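Notes follow the structure.
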Amino acid sequence: MRDVMHRTDLCIVGGGLSGVCAAIAAARRGARVVLMHDRPVLGGNCSSEIRMWVCGAHGDNMKETGILEEIQLENLRRNPAMHYQLWDSVLFEKVKAEKNITLLLNCSCNDASMRENRIESVKGWQGTAETWHTVHAAYFMDCSGDSVLAPLTGALHRAGREAGSEFQESIPPGAADKKTMGMSCLFQIRETDRPQKFIPPDWAYVYQTDEDLPFKGHSLNTNFWWIELGGDRDSIHDTEELRDELLKIALGVWDHIKNRGGHGAERYVLEWLGFLPGKRESRRYIGDYIMTQNDVEAEGRFPDTVAYGGWSMDDHFPEGFYYTAGHPTIYHPAPSPYGIPYRCLYSANIENLFFAGRNISVTHAALSSTRVMATCALLGQAAGTAAAIAVREGVSPRGVYESHTGALQAMLMEDDCWLPWHTQQISEVMKAARIEAGGSGAENLRNGADRVIGEDENAWRCRAGDEVCFFFDGERQIRRVRLVFDSDLNDRKKMPARYPLGEYHAALPPCLVKEYVLEARTGSAWQILAHETNNCRRLQKYAVDVCADALRLRVIASHGAQEFRVFSVYAE
């Protein structure tokens with residue numbers, strides 16, 4: 001056995017999308033981070049071990065951006081066949097590329113040391129290396145989903161459904177209970193060029209007819225999310241027994257589809273079966289604010305909004321697969337978007353504890369919307385950015401709220417995390433610049449909005465060869481430039497649920513600018529600041545140090561579209 005000690009600014013427990021985005025955000029903002037994750041791959045519910053879809057806000061141009069969009073665009077570039085093992089590697093590469101992150105995989109957090117109401121350290125067992133890792137940090141963040149630090153630290157938390165009367169919500173039952181939404185074991189299928197047999201194990205359940213699967217639509221296009229159990233059990237401590245039952249159901253469902261009725265699956269094979277359940281709900285922390293169904297329905301217009309949701313309040317029945325009275329879930333409507341406040345991302349009683357993901361400070365009803373992974377990714381980036389501010393300023397998570405909310409929101413928007421009903425501040429040099437451009441709508445490049453919002457395009461529409469020039473009133477010192485391109489925010493960029501015959505192929509959005517040149521003019525000479533020939537990012541940021549009287553962006557090519565859009569050219 002070996003013992004290893006780490007000293008860092010921020011320790012994050014849990015490497016799902018919220019933990020990954022939190023770690024990258026904090027590291028890029030200067031914090032030293034240890035990311036402890038109990039699995040061999042990152043991604044949590046969207047990893048190759050579980051394969052849930054990354055879902056988020058409904059509606060046109062509502063897709064979540066920031067670090068999540070960066071990762072998904074890189075996945076399209078590196079992984080056009082959309083293999084899950086390569087998706088794992090993209091997540092791994094993004095984390096390992098950050099010099100401020102120490103990654104501990106296969107490391108399960110199981111102890112914490114406290115001093116009064118502060119966490120001093122956490123301890124994790126890395127079974128693959130027979131090593132105990134003890135991490136001392138100024139701040140801790142729980143992105144584990146199950147809120148593992150709650151019972152270890154005494155952090156206030158709750159589980160189950162509130163009584164409707166507690167927060168005057170209409171979705172919950174009349175009396176509070178410990179029931180939750182369940183967990184799912186998914187499977188994926190691949191089409192071949194000939195009929196294929198499937199012989200189920202003797203221990204799989206048998207579903208002879210469609211009537212044995214009431215309200216369970218088993219189209220080949222689904223990811224079989226309704227193979228779900230555990231909401232009426234203990235969604236943490238009963239996981240192993242529930243997994244066994246879920247496997248019997250999953251193999252029985254595939255046997256039914258293959259062998260017991262005309263479901264068009266003759267040429268399909270079972271490509272993959274999940275042995276790790278994907279969870280929807282367990283413990284939820286209590287923060288300085290508990291967001292409710294009513295907040296969601298009122299669009300969450302909080303002064304400390306740091307993320308947004310827009311998935312319906314998708315409240316699965318606790319019985320899961322064994323609920324037979326109707327569809328397995330109720331989709332209660334929710335506005336898209338609605339804001340989520342920063343006060344839901346830190347503990348009410350543990351002074352140095354942040355959290356992000358499906359464990360934030362919300363009621364069960366609000367959780368039924370905020371729990372989806374694209375929303376959780378935004379929450380992670382917000383919490384990671386807040387942690388970096390806390391490290392820099394030497395304040396508590398609550399202190400960030402009290403003194404630095406505006407700075408936090410500005411940083412998130414700078415990093416391409418859209419905040420509803422907010423626009424970015426534009427530098428004086430860009431406000432005063434005279435613009436000359438081909439195409440149309442160049443003034444939109446400095447309106448502080450980086451996406452289509454309703455009827456407002458908020459973009460410079462252009463073609464290959466067009467350029468936009470900003471002429472300053474004399475020479476100005478430019479230290480950084482920020483560009484935001486259109487990456488098609490109506491495309492969810494999801495990994496597939498099944499693989500039809502032939503190689504599955506995805507591609508970068510045709511509308512994304514592929515090649516461009518960014519230049520600054522000093523005197524009469526143009527100096528190239530950046531020339532990207534194979535751009536795959538929506539957001540590009542450049543640290544420069546140039547004295548210039550003009551800035552020019554020339555767009556040379558897209559990834560296929562004849563006409564495309566640029567949302568922002570910002571300099572200061």
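The values are calculated or read from the model by the stated rules, or taken from the named source; none is laboratory data. Keep in mind it's a predicted model, so treat the numbers as computed, not measured. A quick note on method: Cβ atoms are made from the backbone with ideal geometry, for glycine too, and the neighbour counts reach across all protein chains shown.
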* On the given criteria, is ALA388 surrounded by fewer than 19 Cβ atoms within 10 Å (Cβ to Cβ), part of a helix (DSSP H, G or I), at pLDDT 95 or above and under 20 Å from the mean Cα position of the chain (by Cα)? -> no
* Total residues in the stretch 62-81, condition in a loop (DSSP other than H, G, I, E, B) and farther than 29 Å from ILE389 by Cβ -> 3
* Structure fact -> Flagged in the stretch 547-572 as among the β-branched types (Val, Ile, Thr) and either in contact with a Leu (Cβ under 7 Å, 6 or more places away or on another chain) or without any contact (Cβ under 8 Å) to a residue 60 or more places away in the chain (or both), in numbering order, are VAL566, VAL569
* **Selected residue (criterion: nearest to GLY231 (Cα to Cα)) from residues of the stretch 122-156 that are out of contact with any strand residue (DSSP E or B) (no Cβ under 6 Å at 6 or more places or on another chain) and assigned to a helix (DSSP H, G or I)** => PRO151
* Pick from LEU408, LEU379: which is under 19 Å from the mean Cα position of the chain (by Cα), in a helix (DSSP H, G or I) and surrounded by fewer than 24 Cβ atoms within 10 Å (Cβ to Cβ)? -> LEU408
* **From the options ARG479, ARG461, ARG498, residue that is modelled with pLDDT under 95 and basic (Lys, Arg)** => ARG498
* In the stretch 68-102, which residue that is within 22 Å of GLY14 (Cα to Cα) and among the basic types (Lys, Arg) is surrounded by the most Cβ atoms within 10 Å (Cβ to Cβ)? -> LYS94
* Structure fact -> Cβ pairs under 8 Å, 6+ apart or interchain, first in the stretch 149-167 and of a type in the set (Asp, Glu), second at pLDDT 95 or above and not in a loop (DSSP other than H, G, I, E, B), ordered by first then second residue, are GLU162/HIS364; GLU162/ALA365
* Which condition does THR324 not pass, out of (1) surrounded by 24 or more Cβ atoms within 10 Å (Cβ to Cβ); (2) in contact with a Pro (Cβ under 8 Å, 6 or more places away or on another chain), if it passes all the others? -> (1)
* Taking the stretch 256-273 as the region of interest, how many residues are crowded, with 23+ Cβ neighbours inside 10 Å and under 30 Å from ALA356 (Cβ atoms)? -> 0
* Structure fact -> The condition from (1) assigned by TED's automatic domain parsing to the domain that holds ARG7; (2) in contact with a helix residue (DSSP H, G or I) (Cβ under 8 Å, 6 or more places away or on another chain) that VAL372 misses is numbered (2)
* Extreme residue, nearest to the chain's Cα centre (by Cα), among residues of the stretch 468-513 that are farther than 27 Å from LYS431 by Cα and not in a loop (DSSP other than H, G, I, E, B) -> ARG498
* Looking at (1) in a loop (DSSP other than H, G, I, E, B); (2) free of Cβ contacts under 8 Å to residues at least 12 places away in the same chain, which is the only condition GLU402 fails? -> (1)
* Does GLY399 satisfy the criteria of being closer than 18 Å to ASP9 by Cβ and buried (at least 24 other Cβ atoms within 10 Å of the Cβ)? -> no
* Residues in the stretch 526-543: is at least one in a strand (DSSP E or B) and free of Cβ contacts under 8 Å to residues at least 12 places away in the same chain? -> yes
